[in-house]
Amino acid sequence: MTTTFKDFRNNVKPNWCPGCGDFSVQAAIQRAAANVGLQPDNLAVVSGIGCSGRISGYINSYGFHGIHGRSLPIAQGVKMANRDLTVIASGGDGDGFAIGLGHTIHAIRRNIDITYIVMDNQIYGLTKGQTSPRSDAGFVTKSTPEGSIESSLSIMEMAISAGATFVAQSFSTDLKDLTALIEAGMNHKGFSLINVFSPCVTYNKVNTYDWFKQNLTKLATIDGYDPHNRELAMQTLMKHNSLVTGLIYQNQEQKSYQEVIKGYSESPLSKQELAIDEDEFNKLVAEFM
Ligand SMILES: Cc1ncc(C[n+]2csc(CCOP(=O)(O)OP(=O)(O)O)c2C)c(N)n1
Ligand code: SF4
Ligand SMILES: [Mg+2]
C-alpha cells in the first residue's frame, strides 16, 4: 500500500508557537517518509528534550520522547534491536551540540544507519531563551545580558572532521529541499546528519527568517560544487561561514556499523525468540554461583 504524508499525521496538535520553524521540519519528515515508501510502522522517531523534542509525539509512527541530549543512544539502540526500522533521531541544537555533543561525535564516527535531524534555532527555546553552543558571539539573552563571550560551534566542519559520511544543512522554509535531503539521508547506508535552521520566533530575534534569507547560500548555485569532495566541502564551509544549504558531503564507500559488526543477525533481535529452556537457565545460574 502506498502512503502519503497524511498517513504520518496523528491527532495531536503541536503546541509550538505560531511561526516556529519546527512545523516545517515535521511536515518534511512526514513527506519524506511517504516518498521513500514507508508505512507508519516501518518508522521510529526518537527525540530529546526541548521544544523540538516534541516532534516524536506529532508523527504517526513509533515514537520515543527520551531525555535531554540522549536521543542518539536511544535511536542507536532501537536500530540495533530492529534493523528493519527506519530510525530518525531528532532534537534541538542544545540537545545535540551541548549536553549531547559526546553522543553526536561518537554516533558520527560509528556510522550507524540512522538519520539525525537537528532543529537548530541557535538558542534554548524550551527553557525560555538562553544561549546554546550554536549562538553567535555577542548574542544577547537573559543568560548573557552583555552578549555571549563564547564563539559558535561550526557543527558541519566538526562533523566532517569526525568522519561523517553524510552531512547536510537546510532551512525549514525550503520544504521541498529539506524533504529531498531527509529522503537522501534515509536512503544513505550509514549515519546522516541534517542540521536544519529552524527559527525560534519567540526568543531569537536575531537569526530570523529574513536573516537566513539574506545570509544563506544554496550549494546548488555554486558552480562546480561536488559533495563527494571532502576538501572542497571544508573550504566551502569556511568561505561561507557555514551558512550554506544542501548536501555538503557524502561518502558512499564507507560501510555502515551494521555492515561490519560481527555476529549481527540478519533477523532483527526484536523478532527473535529470546526465551531459554530450564536446562540452559540452570546451567547459566550454576556458572555464576
Ligand atoms: C539533564 C537536563 N538538563 C537540563 C535540562 C533543561 N533543559 C530542557 S530543554 C533544554 C535546552 C533546549 O534547547 P534545545 O535543545 O536547543 O531545544 P529547543 O527548545 O531550542 O528546540 C534544557 C537545558 C533538562 N531537561 N535535562
Ligand atoms: S519557544 Fe521558540 S522553539 Fe519553542 S515553540 Fe516557540 S518558537 Fe518554537
Ligand atoms: Mg534550540
**Message:** One residue is enough: does segment 89-108 have a residue meeting the conditions within 16 Å of ligand 1 (Cβ to nearest atom), surrounded by fewer than 18 Cβ atoms within 10 Å (Cβ to Cβ), over 21 Å from ILE182 (Cα atoms) and free of Cβ contacts under 8 Å to residues at least 12 places away in the same chain?
**Reply:** yes
**Only listed residue being under 22 Å from PRO227 (Cβ atoms), in contact with a Ser or Thr (Cβ under 8 Å, 6 or more places away or on another chain) and within 13 Å of ligand 1 (Cβ to nearest atom), chosen from ASP120, ASP113** = ASP120
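Could you tell me which of the residues GLY190, GLY185, GLY263 is touching a Phe, Trp or Tyr at 6+ places or on another chain (Cβ under 7 Å), part of a loop (DSSP other than H, G, I, E, B) and under 30 Å from ASN82 (Cβ atoms)? Break it down stepwise before answering.
Numbers: GLY185 fails: part of a loop (DSSP other than H, G, I, E, B); GLY263 fails: touching a Phe, Trp or Tyr at 6+ places or on another chain (Cβ under 7 Å).
Unique residue meeting the criteria: GLY190.
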**Message:** Regarding segment 143-157, can at least one residue be identified that is open to solvent by less than 60 Å² (accessible area, probe 1.4 Å), part of a strand (DSSP E or B) and either out of contact with any Cys (no Cβ under 9 Å at 6 or more places or on another chain) or away from ligand 1 (no atom under 16 Å from the Cβ) (or both)?
**Reply:** no
**Asked** Does segment 116-132 hold any residues that are open to solvent by 10 Å² or more (accessible area, probe 1.4 Å) and either away from ligand 2 (no atom under 16 Å from the Cβ) or modelled with pLDDT under 95 (or both), and which are they?
**Response** none
**Prompt:** Exactly one of (1) within 16 Å of ligand 2 (Cβ to nearest atom); (2) assigned to a helix (DSSP H, G or I) is unmet by ILE105. Its number?
**Reply:** (1)
**Request:** Looking at (1) outside any loop (DSSP other than H, G, I, E, B); (2) more than 16 Å from ligand 2 (Cβ to nearest atom), find the lone condition where ASP113 falls short.
**Result:** (1)
**Request:** Specify the residue that is nearest to ligand 1 (Cβ to nearest atom); the eligible residues are those in segment 49-86 that are within 26 Å of GLY19 (Cβ to Cβ) and assigned to a helix (DSSP H, G or I).
**Result:** SER52
**Request:** Would you be able to tell me the number of residues in segment 19-37 that are more than 16 Å from ligand 3 (Cβ to nearest atom) and either without any contact (Cβ under 8 Å) to a residue 60 or more places away in the chain or part of a helix (DSSP H, G or I) (or both)?
**Result:** 10
**Message:** Take the conditions among the charged types (D, E, K, R) and closer than 18 Å to GLY96 by Cβ and apply them to GLU150. Does it pass?
**Reply:** yes
**Prompt:** Got a sec? Which of ASP223, ASP210 is part of a helix (DSSP H, G or I) and surrounded by fewer than 12 Cβ atoms within 10 Å (Cβ to Cβ)?
**Reply:** ASP210
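Would you call ASP7 more than 13 Å from ligand 1 (Cβ to nearest atom) and of a type in the set (Asp, Glu)? Steps first, answer last, please.
Details: more than 13 Å from ligand 1 (Cβ to nearest atom): yes; of a type in the set (Asp, Glu): yes.
Criteria met by ASP7.
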**Request:** Could you please let me know if ILE55 is within 16 Å of ligand 3 (Cβ to nearest atom) and over 23 Å from GLU259 (Cα atoms)?
**Result:** yes
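The values are calculated or read from the model by the stated rules, or taken from the named source; none is laboratory data. The structure displayed is predicted, hence computed values, not measured ones. Ideal geometry is used to build each Cβ from the backbone, glycine not excepted, and the neighbour counts take in all protein chains shown. Only protein heavy atoms, including side chains, enter the accessible area calculation; ligands, DNA and RNA are left aside. Shrake-Rupley method; radii C 1.70, N 1.55, O 1.52, S 1.80 Å.
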